[in-house]
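> Quick one: the structure is below, questions incoming.
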Amino acid sequence: MNETKKPLVIHTRYELLAELGHRRAGQRTALVMTMGALHEGHLDLVRRAKQLADVVVVSIFVNPLQFAPGEDFAAYPRTLSADVEKLATLGVDLVFAPSPETVFPQGDPQVTLSAGPLGSVYEGATRPTHFAGVLQIVNKVINLVQPDYAIFGQKDAQQLAVIKAMVRDLDMPVEIVSVPVRREADGLAMSSRNQYLSPEERQSALALSQALDQGRAAAAQTGSATKVLEAANAVMDQAQGVKVDYVDLVDPLTFVPVTDGKATTAVLILAAWVGTTRLIDNTLVVLG
Ligand code: PAF
């Protein structure tokens, strides 16, 4: 059943802190951080938050620090009122939609975070400043909201690993909860960037989820890391209109490649350009 309680939309840190100050003792808070352009994948995060907590805060902020020059910061869809409508159907309490000036009143931060070696491979190799920018905003918004839980999608598997590492290494008092990838009926992982795809590109983009399906099937049949990678690469090599960045099988927490001979759960990760749009996807596979 849809609740339709319009969330309170606030734009400044002062309003946020004032509203959060009304939390009653013992009430649990969950934070869902987004950059807006909300789709069902985001709404799954909110549904999980609602299951866990009494107060649900959704942040909507297109974080400039996680985009490199030449990336899609300016083009990134900004759809606040449609996003708020969607959140109203889920009974969200607060939407924190700040401006960059509110988030970074002193301009670019002096004290920054590094995701270390985990943040310099795969997504970090192609987007060297990306994870530092993600950690900066995630750390900041967690500090402002002080939630019991922060919910992130498995879709951004390396982001999830980097955030879990930050919480562990800095002893942040928050539990990171992950939610499975939400897919369209034909398998394409939901992403705000899918709206950049032309109809032809949207068709080509199906190669990503098909490669993951083949990889998962190979894992079920053989348990072999080599076979999983062969199966996924075979699909990506055949794909028309798709330029592969990486396909690999890694440990979900360290992102160190997983090889044959170990019974473990690994994550099959891939990234590719379809036209000018860069897409990522992943699936968990059981090996051994
Ligand atoms: O996953 C995202 O949408 C962003 O990286 C996040 C976590 C909201 C930080 O800006």
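> Condition check: within 11 Å of the ligand (Cβ to nearest atom) and either part of a loop (DSSP other than H, G, I, E, B) or at positive phi (or both). Does LYS140 satisfy that?
No; evaluated as a whole, the condition is false for this residue.
> Mind checking which residues of segment 225-244 are part of a strand (DSSP E or B) and over 15 Å from ILE269 (Cβ atoms)?
Result: VAL242, LYS243.
> Related question: Identify the residue in segment 259-288 that is modelled with pLDDT under 95 and in contact with a strand residue (DSSP E or B) (Cβ under 7 Å, 6 or more places away or on another chain) and, among all such residues, is surrounded by the fewest Cβ atoms within 10 Å (Cβ to Cβ).
ALA263
> Please find, among ALA25, ALA68, ALA75, ALA37, the residue that is in a loop (DSSP other than H, G, I, E, B), out of contact with any Gly (no Cβ under 6 Å at 6 or more places or on another chain) and farther than 25 Å from SER191 by Cα. So that I can check it myself, show each step before the final result.
Values: ALA68 fails: farther than 25 Å from SER191 by Cα; ALA75 fails: farther than 25 Å from SER191 by Cα; ALA37 fails: farther than 25 Å from SER191 by Cα.
Criteria check complete, one pass: ALA25.
> A further question follows. Looking only at segment 48-65, which residues are part of a loop (DSSP other than H, G, I, E, B) and without any contact (Cβ under 8 Å) to a residue 40 or more places away in the chain?
Of everything in segment 48-65, those that are part of a loop (DSSP other than H, G, I, E, B) and without any contact (Cβ under 8 Å) to a residue 40 or more places away in the chain turn out to be ASP54, VAL62.
> Which one of these does ALA218 not meet: (1) touching a Lys or Arg at 6+ places or on another chain (Cβ under 8 Å); (2) part of a loop (DSSP other than H, G, I, E, B); (3) not polar (S, T, N, Q)?
(2)
> Checking the conditions here, which among GLN66, GLN154, GLN158 is under 30 Å from LEU249 (Cα atoms), within 12 Å of the ligand (Cβ to nearest atom), touching a Phe, Trp or Tyr at 6+ places or on another chain (Cβ under 7 Å) and modelled with pLDDT of 95 or more?
The match here is GLN158.
> Moving on. Specify which of the listed residues (ALA205, ALA189, ALA211) is within 21 Å of LEU279 (Cα to Cα), touching a helix residue (DSSP H, G or I) at 6+ places or on another chain (Cβ under 6 Å) and of a type in the set (Gly, Ala, Ser).
ALA211
> Got a sec? Which of THR29, THR79 is more than 11 Å from the ligand (Cβ to nearest atom) and surrounded by fewer than 20 Cβ atoms within 10 Å (Cβ to Cβ)?
Only one candidate passes the filter, namely THR79.
> Only one of ARG216, ARG168 is surrounded by fewer than 19 Cβ atoms within 10 Å (Cβ to Cβ) and either touching a Cys at 6+ places or on another chain (Cβ under 9 Å) or touching a residue at least 60 places away in the same chain (Cβ under 8 Å) (or both); which?
Just a single option satisfies the conditions, and that option is ARG216.
The values are calculated or read from the model by the stated rules, or taken from the named source; none is laboratory data. In this text, all values refer to a predicted model and were calculated from it rather than measured experimentally. Note that we place each Cβ from the backbone using ideal geometry, even for glycine, and neighbour counts take in every protein chain shown.
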